[in-house]
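Shown next, in structure tokens, is the structure this report addresses.
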Amino acid sequence: MTMDTDGTEDAGWDVDPDDEQGVAVLSALGRQLRVWREEAGKRAADFGVEVGYGEDLVRKIEAGKRIPRPEYLDKADDALRANGKIAAMKADMERVRYPKKVRDLANLEGRAVELSAYGSHNIHGLLQTDGYARALFEMWQPPQTKQEVERGLAARMARRSIFDRNPAPALCFVQEEVTLRRRIGGTMVMRAQLERLLQVSALRHVTIQVMPTDLEEHAGMGGLIQVLKFADGSAVGRSEGAFNGRPVSDPRRLRVLEQCHAMIRSQALAPRESVAFIEQVLGET
């Protein structure tokens, strides 16, 4: 989380100029905030003091150059006595709060009735704890800024709402053994991550399987695979090792990914065996 030049907590994130939808929504939001403030007869500096942020951040948000955090809008609503009208803007802001690539993925996950995934490098993003995800973002090269880390982390954690949907989608994850043993973030972070896997695996609509390292045959050597299926019968999938890593929706190409994932599942430990394996690794950690 970054700090403004006057020492106040940063109210949000910079806007990606290439995100046309985000720029348009935030420009409109900023104009409305400025109108509310000016009609209330408040200077930007005085308003900033009321809501606990610097004048520079207030002006950036009103200019559509900074994505405000939800609490900023709550404080603005109270300070300007908007009776919920400003706080209601959070619904619009949430649509563009995170990077477009993440928003697109979250939209697909939010519509999916079935998700099948195989991960070979780290724990799947939907299964990650706050600590594990933060450790991953902080070790990226070239290094990310604190602001980029916080934005990426918030976006990843927001995607976990998929577990709360009703009706719940069917979620199937296959994880390489190494992803359970590599102590990303240190021992305590990894212990919490393994405990999270056990917690999620207890959900009736979630299946987690482990692919042992000592197998002589492995259908997933091409890398990551993910397939999302939707209520209308359509689907989209991607694999690092097929179709140049690009998303595909053509039924023939999707069958290739589904067959590969099915073979991976057949080679991995069964769900109950996988839970026992995760418990074992947790005991050793």
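Let me see the P(r) profile for the chain: every Cα-Cα distance counted, bins of 5 Å, each bin given as a percent of all pairs.
1, 5, 11, 13, 14, 14, 12, 9, 8, 6, 4, 2, 1, 0, 0
Tell me which chymotrypsin sites (Phe, Trp or Tyr not before Pro) from region 33-140 have a DSSP coil assignment and no more than 16 other beta carbons within 10 Å of their own.
TRP140
Starting from the Kirkwood radius over alpha-carbon pairs of region 63-193, derive D by Stokes-Einstein at 25 °C in a medium of 0.890 mPa s and give it in µm² s⁻¹.
Result for D is 145 µm²/s.
Would you mind working out the magnitude of the charge dipole of region 157-234 relative to its Cα centre, with +1 at each Lys and Arg C-beta and -1 at each Asp and Glu C-beta, to the nearest 20 Debye?
My answer is approximately 480 debye.
Sort the following peptides by mean Cβ neighbour count (other Cβ atoms within 10 Å, averaged over residues), highest first: 246-257, 87-98.
Descending mean neighbour count gives 87-98, 246-257.
Given bins 10 angstrom wide, list per bin the percent of all Cα-Cα distances in region 225-285, short to long.
20, 36, 26, 16, 2
What percent does the relative contact order of region 104-250 come to when contacts are Cα pairs within less than 8 Å and at least six residues apart?
32
Which ³J(HN,Hα) values in Hz, rounded to whole numbers, follow from the phi angles of region 166-179 under the Karplus curve 6.51 cos²θ - 1.76 cosθ + 1.60, where θ = phi - 60° and Gly and Pro get x?
Each residue's phi maps through the Karplus curve to give 9, x, 7, x, 7, 10, 10, 10, 10, 10, 5, 3, 4, 5 Hz.
ARG191 to ASP104: extension gain in nm, 0.36 nm per residue of separation minus the Cα-Cα distance?
Additional length available on full extension: 28.2 nm.
Where does helix 146-158 land angle-wise versus the long Cα axis of the chain, in degrees 0 to 90, nearest 10?
60
List, in order, the whole-Hz ³J(HN,Hα) value for each residue of region 40-50 obtained from phi through the Karplus relation with A = 6.51, B = -1.76, C = 1.60 and θ = phi - 60°; use x for Gly and Pro.
7, x, 10, 6, 4, 5, 5, 5, x, 4, 4
With a 10 Å cut-off between alpha carbons and a GNM built on the chain, which of GLY84, GLY152, GLY131 moves the most?
Maximum fluctuation in the GNM of the chain, among the listed residues, is at GLY84.
Relative to the longest principal Cα axis of the chain, at what angle does helix 271-284 sit, 0 to 90 degrees, rounded to 10?
It works out to around 70 degrees.
Apply the Karplus parameterisation 6.51 cos²θ - 1.76 cosθ + 1.60, with θ equal to phi minus 60°, to every residue of region 160-165 and state each ³J(HN,Hα) to the nearest whole Hz, in sequence, with x for glycine and proline.
Running phi through 6.51 cos²θ - 1.76 cosθ + 1.60 with θ = phi - 60° gives 5, 4, 4, 6, 9, 5 Hz.
What's the extension gain from HIS205 to GLN259 if we count 0.36 nm per residue and subtract their Cα-Cα distance?
Extra length from HIS205 to GLN259 when fully extended: 17.3 nm.
Relative to the present Cα-Cα distance, how much length would full extension add between ASP14 and THR213 at 0.36 nm per residue of separation?
Stretched out fully, the ASP14 to THR213 stretch lengthens by 67.4 nm.
Given the DSSP H assignment, sum -39500 (n - 2.57) over each helix run of at least 4 residues in the chain and divide by its residue total; what's the result at 222 nm in deg cm²/dmol, nearest 500?
So the calculated ellipticity at 222 nm is -15000 deg cm²/dmol.
Normalised by the residues of region 163-268, what does the relative contact order come to in percent, with Cα pairs under 8 Å and at least six apart?
25
Taking H as built 1.01 Å from N, whose amide H comes closer than 5 Å to the amide H of VAL113, not counting residues under 5 places away?
Those lying under 5 Å, H to H, from VAL113 are LYS229, PHE230, ALA231.
Given a cut-off of under 8 Å on Cα pairs at least six residues apart, what relative contact order in percent is computed for region 29-160?
17
Could you give the accessible area per residue of region 122-248, probe 1.4 Å, as a whole number in Å²?
Using a 1.4 Å probe on heavy atoms only, each residue of region 122-248 averages 50 Å².
Taking the Cα centre of region 1-121 as origin, work out the dipole magnitude from +1 charges on Lys and Arg Cβ and -1 charges on Asp and Glu Cβ, in debye rounded to 20.
The calculated dipole for region 1-121 is roughly 320 debye.
Farthest toward the dipole's positive end in the chain, which of ALA112, GLY245, ALA231, given Cβ charges of +1 (Lys, Arg) and -1 (Asp, Glu) about the Cα centre?
So the residue we want is ALA231.
For region 162-285, what does the equivalent ellipsoid look like in terms of its semi-axes, each the square root of 5 times an eigenvalue of the Cα gyration tensor, given largest first in whole Å?
That gives 26, 18, 13 Å for the three semi-axes.
Cα axis of helix 70-79 to longest principal axis of the chain: angle in degrees, 0 to 90, nearest 10?
Value to nearest ten degrees: 20.
Under the rule of at least 5 residues apart or a separate chain, name every residue whose amide H is placed under 5 Å from the amide H of VAL174.
Close amide H contacts, sequence-distant or interchain: ALA117, TYR118, GLY119, GLN209.
The values are calculated or read from the model by the stated rules, or taken from the named source; none is laboratory data. This is a predicted model, so every value here is computed, not measured. Glycine gets a Cβ as well: all are built from the backbone with ideal geometry, and neighbour counts include every protein chain shown. The protein model used for the area step is the full one, side chains on, heavy atoms only, and it has no ligands, DNA or RNA in it. Shrake-Rupley method; radii C 1.70, N 1.55, O 1.52, S 1.80 Å.
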